[in-house]
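S.K.: Below is one structure. I have some questions about it.
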Amino acid sequence: MLPARTYIIAAAFALTSAVQITFGDQKAPGVEDSDWIYLDNGTLRLGVIKSAGAGIGFLALSGSDRNLLNHYDRGRLIQQSYYGDADGSKWVDKPWCLNPVQGGDYKNAVPKLVQAEIDKEKLYSKSIPLHWATGEKLDDFILEQWIALKEDLVHVRFRMSYKGKESHAPRHQEMPAVFLDPSLSDLVLYQGASPWTEGPLSTKQPGQKNEYFDIPENWAAFVDERGEGVGVCVPSASQITCYRFRGGANSDCSYLAPITTFGFRPGMTFEYDAYFLIGKTDEMRSRFEPLVKAARTDPKAEQDGAGQPATCSEAK
């Protein structure tokens, strides 16, 4: 039998009538209607999947049923995912590495959602991730997120705490992993030498293997043929990795992740701010500019020098 779920009335984000939810371990394939928690501020509608560590699986304009995200499996969300040293694990037949993933593993096993505090426009969650390749519950890691809808903007504060005793080599880390609907096919970003001077934007169509681009303005977007889509801004990231996967059977997606470089160290905490906006790229640019200029320049983790583009950061 599954451990009982308890629902406790509490205050969340200094708001009244919020609900705190505590979950035990679960095993549940697929995404049922009851598995979703939605936030809606009248402009944006965002959904997290409880059984995926509260990973974000739905983003749309309020009142629209067009989900701009991809949640084909437990690796396909807006979520935290980190990479450590090779550990002898395999993703199917591919050698892998230590890879705590918020949403679960590739066989659809479910992580432990320890806590979720929700209100109409805000959500806090804490979870224990699974190893993507083995399905092992990784108790050395705690993943937290604070989600807030602010008018037309989604603001997420992500935090990873590592309690393990082993240090790992520095690697590229996703901040966070972002999987989008394949109809958003064009990658748009600024690649010039003078950010925030209204210089021309570049448009690209990435292939099926990871590509890397500098983002001097700390943001990038995938848009559709009308030039509308989802922009992602992480003020502390100056590079992205991206690809377009075309596998059929609803597995097609557009992927991007702002990246930084570090290795796990005992007692470390890594946290950063990410912003998401639905619209046209000129709107994104004007909205992201003051956020970038006001933000701290670095996430709360020491940087370990040149990292490795981890071979286990390929498509999920």
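Read-outs throughout are calculated quantities, based only on the coordinates presented, and are distinct from any laboratory measurement. Everything quoted here is computed from the prediction, not taken from an experiment. As a convention, Cβ positions derive from the backbone with ideal geometry for all residues, glycine included, and neighbour counts pool all protein chains shown.
S.K.: What is the Å³ per residue value for the convex hull set by the Cα atoms of the range 227-278? Before the final figure, lay out the partial values.
M.R.: Values: hull volume 7.2 nm³, N = 52.
Residue-normalised Cα hull volume stands at 138 Å³.
S.K.: Measuring from label point to label point, each 7 Å out along Cα→Cβ, what is the Lys204 to Glu166 span in nm?
M.R.: 3.3
S.K.: Next question, about the same structure. Determine the distance separating the Cα centre of the range 234-258 from the Cα centre of the range 128-203; give it in Å without decimals.
M.R.: Rounded to whole Å, the Cα centres lie 10 Å apart.
S.K.: Turning to a different aspect of this structure: Quick check: pseudo-label points 7 Å beyond the Cα along Cα→Cβ at Thr269 and Asp85, how many nm apart are they?
M.R.: The modelled label-to-label distance comes out at 2.6 nm.
S.K.: What is the ratio of the Cα radius of gyration of the range 103-186 to 2.2 N^0.38 Å, with N the residue count, to two decimals?
M.R.: Details: Rg = 15.1 Å, N = 84, 2.2 N^0.38 = 11.8 Å.
Here the answer is 1.28, to two decimals.
S.K.: Continuing with the same structure: Starting from the 7 Å offset along Cα-to-Cβ, what nm value, one decimal, do you get for the label separation of Phe213 and Ser286?
M.R.: Calculated label separation equals 2.2 nm.
S.K.: Just how large is the dipole of the range 34-112 about the Cα centre, in debye to the nearest 20, putting +1 at every Lys and Arg Cβ and -1 at every Asp and Glu Cβ?
M.R.: The calculated dipole for the range 34-112 is roughly 80 debye.
S.K.: So, R0 is 22 Å and r is the distance between the beta-carbons of Lys150 and Asp40; what FRET efficiency does that work out to, to 0.05?
M.R.: According to the calculation, E is roughly 0.95.
S.K.: May I pose another question? If you keep only loop residues by DSSP, which GluC sites (Glu not before Pro) in the range 112-161 have at most 16 other Cβ atoms within 10 Å of their Cβ?
M.R.: Those that pass, being in a loop and sparsely packed, are Glu136, Glu151.
S.K.: Full-extension gain between Ala295 and Ser238, please, as 0.36 nm times their residue separation minus the C-alpha to C-alpha distance.
M.R.: Computed gain between Ala295 and Ser238 is 19.2 nm.
S.K.: Among the aspartates and glutamates, which fall within straight-line cross-link reach of Lys280, defined as a Cα-Cα distance under 13 Å, with same-chain neighbours fewer than 8 residues apart omitted?
M.R.: Asp152, Asp186, Asp224, Glu225, Glu228
S.K.: Here is a follow-up. Report the residues of the range 129-152 in range of a label on Lys120: point 7 Å along Cα→C-beta, backbone N strictly under 17 Å from it.
M.R.: Output list for this probe position: 148-152.
S.K.: Still on this model: Kirkwood hydrodynamic radius, the range 60-162, all distinct C-alpha pairs: what's the number in Å? Numbers along the way, then the final one.
M.R.: Details: mean 1/r = 0.0673 Å⁻¹.
Result for the range 60-162 stands at 14.9 Å.
S.K.: Something else about it: What is the Rg over Rh value, at two decimals, for the range 88-245, using alpha-carbon atoms and the Kirkwood definition of Rh?
M.R.: Details: Rg = 17.7 Å, Rh = 17.9 Å.
That ratio is 0.99, to two decimals.
S.K.: Ok, one more. By how many nm would the segment from Lys107 to Ser64 grow when fully extended, if each residue of separation counts as 0.36 nm and the alpha-carbon distance is taken off? Spell out each step's value before the answer.
M.R.: Values: separation 43, 0.36 × 43 = 15.48 nm, distance 3.11 nm.
12.4 nm is the gain from fully extending Lys107 to Ser64.
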